[in-house]
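Visitor: Take a look at this one; I'll ask things after.
The values are calculated or read from the model by the stated rules, or taken from the named source; none is laboratory data. What you see is a predicted model; the values in this text were computed from it and never measured. With ideal geometry, Cβ positions are generated from the backbone for all residues, glycine too; neighbour counts draw on all protein chains shown.
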Amino acid sequence: MMSSEEYSGVWTLGEVRNGEISSVSYELLAWGKKLSEKLEERLSSVVLGHNIKRKSQELFEFGADEVYVVDNPKLEHFLPDIHANLCEALVREYKPGILIASATTYGRTIMPILAARLKTGLTADCTELDIDLKEHILLQTRPAIGGNVMATIKTPDIRPQMATVRPKSKRPLKPDKSKNGKLILKEYSSDLYESRYKWLSFEKDESSDLPIQESDVIIAGGKGMKGKKNFDMLYDLSKMLNGAVGASRPTVDMGWVPYSHQIGLSGKTVTPHFYMAFGISGAIQHVAGMSSSKIIVAINKDPDAPIFKVADFGVVGDALEILPALLKKLGKGERNE
Ligand SMILES: Cc1cc2nc3c(=O)[nH]c(=O)nc-3n(C[C@H](O)[C@H](O)[C@H](O)COP(=O)(O)OP(=O)(O)OC[C@H]3O[C@@H](n4cnc5c(N)ncnc54)[C@H](O)[C@@H]3O)c2cc1C
């Protein structure tokens, strides 16, 4: 067990995808900023990658006071044990009080290994992070018991306090071009780069053109769409609006849409500018994944459907009549009439 007094500062674990700093790294800084300001401590990011030193400096504009970079050809592909070795070495040397990562494949892989090695706790998939100002500790909130309660978890004695947050659960801060910081370039001995894994290839999920979490417009359908064929209209509309198709869980379970489109507690969290829900009731488990969308439009034939409680605009009506009319109005509705 590590004594908590020696540990301070808030760290975010940045991610590199295809040689670029990925957007979750900026989202994490927005979470980290809130925590570090409340604690009045420094905010730092860790970036492990190849040819990444220059790009890592962008993290300063998004809130980082320091960025710890390990830049090595052996980090070109993601081999979990190497990344865990380097993170562990950094944490043991610099002793952050809090370490947060995104609940992506990367974060979900590294953080448990790291927590086990550091003998500390880890709360996965948080929807809210805050600071208990009296005790100066991290409050890690996540849905529990099938999403029926929100549990707030603390790590009072052991450091670092570790949590993952869902990607897209916060928007990045506005970049401040004038902000600078300290880049700490670290090198480690070759034994930390030994891996039990061998990189074979990267297989892209071809089931959706634009991943829903990257899309600013989401056209989502639920059981009220009545069948797989009717989802074609959602695809048509999403194409016209340059968006992506989202779905509720039952439509995925029934095989109308691939799982990569599922939004909600057991699917993805999204924060688009525009979210349109056709025939979705608005169950708590669905709303958990989309309620931070900027503008929500709901179309449902039941005026008491809970989705209307989170919607900015609501239409009480039959989705299967409204959608063809909308497509026609927008100019491409002939095939669905
Ligand atoms: C642990 C757990 C995790 C879960 N995770 C998720 C998750 O990640 N995502 C998720 O979505 N759900 C999740 N669920 C399921 C969730 O509880 C709901 O069952 C689900 O969201 C309901 O989907 P729906 O709105 O498509 O269907 P329904 O609740 O059946 O709603 C259909 C809606 O369509 C309306 N409707 C019917 N016909 C029409 C029409 N012609 N035009 C317009 N409206 C019409 C109805 O009025 C109704 O409101 C989870 C549940 C559990 C227990």
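Visitor: Counting just the residues of segment 260-291 that are assigned to a helix (DSSP H, G or I) and under 21 Å from residue 149 (Cα atoms), which one comes out farthest from the ligand (Cβ to nearest atom)?
Guide: So, considering only residues that are assigned to a helix (DSSP H, G or I) and under 21 Å from residue 149 (Cα atoms), the one farthest from the ligand (Cβ to nearest atom) is 287.
Visitor: Taking segment 292-320, which residues are closer than 17 Å to residue 263 by Cβ, assigned to a strand (DSSP E or B), hydrophobic (A, V, I, L, M, F, W, C) and within 11 Å of the ligand (Cβ to nearest atom)?
Guide: Answer for segment 292-320, where residues must be closer than 17 Å to residue 263 by Cβ, assigned to a strand (DSSP E or B), hydrophobic (A, V, I, L, M, F, W, C) and within 11 Å of the ligand (Cβ to nearest atom): 298, 299.
Visitor: Under the condition of being in contact with a strand residue (DSSP E or B) (Cβ under 7 Å, 6 or more places away or on another chain) and part of a helix (DSSP H, G or I), which residue from segment 221-231 is farthest from the ligand (Cβ to nearest atom)?
Guide: Applying the filter and picking the extreme gives 231.
Visitor: Which number in (1) within 16 Å of the chain's Cα centre (by Cα); (2) surrounded by fewer than 24 Cβ atoms within 10 Å (Cβ to Cβ); (3) farther than 22 Å from residue 323 by Cα marks the one condition that residue 270 misses?
Guide: Only one criterion in (1) within 16 Å of the chain's Cα centre (by Cα); (2) surrounded by fewer than 24 Cβ atoms within 10 Å (Cβ to Cβ); (3) farther than 22 Å from residue 323 by Cα is unmet by residue 270, namely (2).
Visitor: Would you tally the residues in segment 163-186 being over 14 Å from residue 270 (Cα atoms) and in contact with a strand residue (DSSP E or B) (Cβ under 8 Å, 6 or more places away or on another chain)?
Guide: 8
Visitor: List every residue pair whose Cβ atoms sit under 6 Å apart, with the two residues 6 or more apart in sequence or on different chains, where the first one lies in segment 72-88 and is without any contact (Cβ under 8 Å) to a residue 24 or more places away in the chain and the second, anywhere, is not basic (Lys, Arg).
Guide: Pairs that qualify, where the first residue is without any contact (Cβ under 8 Å) to a residue 24 or more places away in the chain and the partner is not basic (Lys, Arg), are 73/50.
Visitor: As an exercise: evaluate residue 140 against (1) surrounded by fewer than 19 Cβ atoms within 10 Å (Cβ to Cβ); (2) in a strand (DSSP E or B) and give the number of the one condition it does not meet.
Guide: (1)
Visitor: Return the residues of segment 197-216 that are in contact with a helix residue (DSSP H, G or I) (Cβ under 7 Å, 6 or more places away or on another chain) and either at pLDDT 95 or above or surrounded by 10 or more Cβ atoms within 10 Å (Cβ to Cβ) (or both); say none if nothing qualifies.
Guide: 197, 207, 208, 212
Residues are listed down the side, and each one gets a yes or a no for (1) in contact with a Ser or Thr (Cβ under 6 Å, 6 or more places away or on another chain); (2) crowded, with 22+ Cβ neighbours inside 10 Å; (3) more than 24 Å from residue 195 (Cβ to Cβ); (4) β-branched (Val, Ile, Thr):
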| site | (1), (2), (3), (4) |
| --- | --- |
| 40 | no, no, yes, no |
| 43 | yes, yes, yes, no |
| 62 | no, yes, yes, no |
| 66 | yes, no, yes, no |
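Visitor: A further question follows. Tell me whether segment 232-252 contains one or more residues that are out of contact with any strand residue (DSSP E or B) (no Cβ under 9 Å at 6 or more places or on another chain), on the phi > 0 side of the Ramachandran plot and modelled with pLDDT of 95 or more.
Guide: Within segment 232-252, not a single residue is out of contact with any strand residue (DSSP E or B) (no Cβ under 9 Å at 6 or more places or on another chain), on the phi > 0 side of the Ramachandran plot and modelled with pLDDT of 95 or more.
Visitor: Also, quick follow-up: Would you confirm whether any residue within segment 233-246 is of a type in the set (A, V, I, L, M, F, W, C) and in a loop (DSSP other than H, G, I, E, B)?
Guide: So far as segment 233-246 goes, yes, one or more of its residues are of a type in the set (A, V, I, L, M, F, W, C) and in a loop (DSSP other than H, G, I, E, B).
Visitor: Moving on to the next point. If you check residue 97 against the conditions, is it within 16 Å of residue 15 (Cβ to Cβ) and either in the same structural domain as residue 183 (by TED's automatic domain parsing) or touching a Cys at 6+ places or on another chain (Cβ under 6 Å) (or both)?
Guide: Judged against the criteria, residue 97 is not a match.
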